[in-house]
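K.L.:
Before I ask anything, let me first share the structure, which is written out below as structure tokens.
Every number in this text was worked out from the coordinates using simple rules, so none of it is lab data. Keep in mind the model is a prediction, meaning the values are calculated, not measured. With ideal geometry, Cβ positions are generated from the backbone for all residues, glycine too; neighbour counts draw on all protein chains shown.
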Amino acid sequence: MRKLYTWAKKSKFSYEGSVVDGTKIFFGSGNQITTSSRQFSELLNHFRGKSVNIGTSRTDAPIGSVGKWLQENVTKTAIASYVGPILIHEGFATKEDGSSIIDFKSVYPGED
């Protein structure tokens, strides 16, 4: 199990698995969300070559942000604060500044 800081580095969360194999993210007081490798692949393909807002708002993630995409395609629960750091930790994206994420790479080698 890996422990990382959330996007804003205000707290920590844990996760099992990987972007390639899918993850189980543990946060808060006993909460967990499962994200499949297919969902990660779709996310990375959708944002490939773009610099976008991470969109960590729990109630109003900006249109076009990673957070909005996750809420529309994975879960209504705001998980961008966890998914962003996982993508960066595993080398699938880069943090550009306080609110942007760039350089999305494919889950599958040779697709970039």
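K.L.:
Determine the calculated [θ] at 222 nm for the chain from helices alone, applying -39500 (n - 2.57) to every DSSP H run no shorter than 4 residues and normalising by the residue count; nearest 500 deg cm²/dmol. Let's see the in-between values first.
P.N.:
Values: 3 runs with 29 residues, N = 112.
Calculated mean residue ellipticity at 222 nm is -7500 deg cm²/dmol.
K.L.:
For the chain, state the semi-axes of the equivalent ellipsoid (square roots of 5 times the eigenvalues of the alpha-carbon gyration tensor), sorted largest first and rounded to whole angstrom.
P.N.:
On the way: eigenvalues 70, 54, 35 Å².
Semi-axes, largest first: 19, 16, 13 Å.
K.L.:
Å³ per residue of the Cα convex hull, for region 1-67?
P.N.:
On the way: hull volume 7.0 nm³, N = 67.
Cα convex hull per residue, to the nearest whole number: 104 Å³.
K.L.:
Moving on to the next point. Relative to the Cα centre, what is the charge dipole magnitude of the chain, using +1 at the beta carbon of each Lys and Arg, -1 at the beta carbon of each Asp and Glu, and rounding to the nearest 20 debye? Mind dumping the intermediate values first?
P.N.:
Details: 14 positive and 11 negative charges, 87 e Å.
The calculated dipole for the chain is roughly 420 debye.
K.L.:
According to a simple spin-label model (label point 7 Å from Cα along Cα-to-Cβ), what is the distance in nm between residue 41 and residue 89?
P.N.:
Label at residue 89, label at residue 41, 2.3 nm between them.
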